[in-house]
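Q: Take this structure, written in structure tokens, and hold onto it; I'll ask about it next.
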Amino acid sequence: SEGRLALYETAAGKAAKNDDPEAEIRALEGMLEADALPSEGQHRLEELYKSTGQPERVVTLLEKRLEHEDDPAALVDGTLQLAELRLEAGGDSSAVVALLERALDVDPSNQRALLLLAELFRAGGFGSQLADVLRRLVDALHDDGERVAVIEELARLSAEELQDLPGAAGLLEEILRIDPDRQSAALELMRIRERLGEPEGLLRALNHQL
């Protein structure tokens, strides 16, 4: 009822004034259960859960908030928060991957989601999935230095784990188009062209060394 909600609101204000987080949590939760807690109140409740060491309740709160979220940017941000919380808590990695993919369905070039997804696939040893994410990350990044670092990892992965030497050579050539003076890429390209038995490609790689 409206009277009960007013009591909860008064209790929450009083508890905040008296610096009583547990009482404030109870009052805010009462409003939440009645679907009468505005977004600023939900953020306050999230802060209280965090400050009182209750991460599992933060997760529950975020899940409830996301059920009713219509704004795409807020939906992506909340989904990524939820993924990060589950990751910190050592939750099921497949559930975290599903959350990150859900965020990427809304925002396909979201760097935060792609970096987290790459971290998970890297740690799990999922080479082909990691390669796919790294390709998406290259397209999402705008800084040449950051792009080169990701392409280098992708080239190593292609050559060593995926056994795709032609693909690795193509990636190294892409690096040299961005940064013609990158000696490490030129040397690796020379080694790969030699293994492939491609004299013309080897000559191009040698020219980068000169």
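The values are calculated or read from the model by the stated rules, or taken from the named source; none is laboratory data. Please read these numbers as outputs of a predicted model, since none were measured by experiment. All Cβ positions, even for glycine, are placed from backbone atoms using ideal geometry, and neighbour counts span all protein chains on display. Quick note on the areas: whole protein, heavy atoms, side chains included, nothing else; ligands and nucleic acids left out. Shrake-Rupley method; radii C 1.70, N 1.55, O 1.52, S 1.80 Å.
Q: At 222 nm, what value in deg cm²/dmol follows for the chain if DSSP H runs of at least 4 each add -39500 (n - 2.57) and the sum is divided by all its residues, to the nearest 500?
A: -26000 deg cm²/dmol
Q: Residue 161 to residue 111: extension gain in nm, 0.36 nm per residue of separation minus the Cα-Cα distance?
A: Working: separation 50, 0.36 × 50 = 18.00 nm, distance 2.43 nm.
Here the segment from residue 161 to residue 111 would lengthen by 15.6 nm.
Q: Once both labels are modelled 7 Å past Cα along the beta-carbon direction, what's the residue 88-residue 7 spacing in nm?
A: 3.5 nm
Q: Follow-up question, since we're still on this one. From the Cα gyration tensor of the stretch 1-118, with a ≥ b ≥ c the square roots of its eigenvalues, which class applies: rounded if a/c is under 1.5, or else prolate if a/b is larger than b/c, or else oblate?
A: prolate
Q: Tell me, what ³J(HN,Hα) does each residue in the stretch 125-139 have, in order and in whole Hz, if you take phi through Karplus 6.51 cos²θ - 1.76 cosθ + 1.60 with θ = phi - 60° and put x for Gly and Pro?
A: x, 8, x, 5, 5, 4, 4, 4, 5, 5, 4, 5, 5, 4, 5
Q: Ok, one more. Under a point-charge model restricted to the Cβ atoms of Lys and Arg (+1) and Asp and Glu (-1), what is the dipole moment magnitude of the chain relative to its Cα centre, in debye to the nearest 20? List each step's numbers first, then the result.
A: Numbers: 23 positive and 44 negative charges, 84 e Å.
Roughly 400 debye, rounded to the nearest 20.
Q: On to the next question. Could you give me D for the chain, from Stokes-Einstein at 10 °C and 1.306 mPa s, where the hydrodynamic radius is the Kirkwood radius over C-alpha pairs? Units µm² s⁻¹, please.
A: 77 µm²/s
Q: Same structure, new question: As an exercise, use a Förster radius of 25 Å and the Cβ-Cβ distance of residue 17 and residue 56 to find the FRET efficiency, rounded to the nearest 0.05.
A: 0.35
Q: Determine, from the Cβ-Cβ distance of residue 183 and residue 63 and an R0 of 41 Å, the FRET efficiency 1/(1 + (r/R0)^6), rounded to the nearest 0.05.
A: About 0.25, to the nearest 0.05.
Q: Taking Cα atoms, how many degrees apart are the long axis of helix 55-67 and the longest axis of the chain, rounded to 10 and kept between 0 and 90?
A: In the chain, helix 55-67 runs at an angle near 90 degrees to the longest axis.
Q: Taking Cα atoms, how many degrees apart are the long axis of helix 93-106 and the longest axis of the chain, rounded to 10 and kept between 0 and 90?
A: Result, in degrees: 90.
Q: Could you give the nm distance between label points at residue 35 and residue 77, where each point is 7 Å from its Cα heading toward the beta carbon?
A: Going by the 7 Å Cα→Cβ label model, 2.4 nm.
Q: Ok, one more. Can you work out ³J(HN,Hα) from phi for every residue in the stretch 177-188, in order, using Karplus 6.51 cos²θ - 1.76 cosθ + 1.60 and θ = phi - 60°, giving whole Hz and x for Gly and Pro?
A: Karplus-based 3J(HN,Hα) across the stretch 177-188 equals 5, 6, 9, x, 9, 7, 5, 4, 5, 5, 5, 5 Hz.
Q: What does the accessible area per residue of the stretch 1-137 come to in Å², with a 1.4 Å probe and no ligands, DNA or RNA counted?
A: 56 Å²
Q: A further question on this structure: Report in % the part of the accessible area of the chain that belongs to carbon and sulfur, leaving out ligands and nucleic acids; probe 1.4 Å.
A: Result for the chain: 50 percent of the exposed heavy-atom area is carbon or sulfur.
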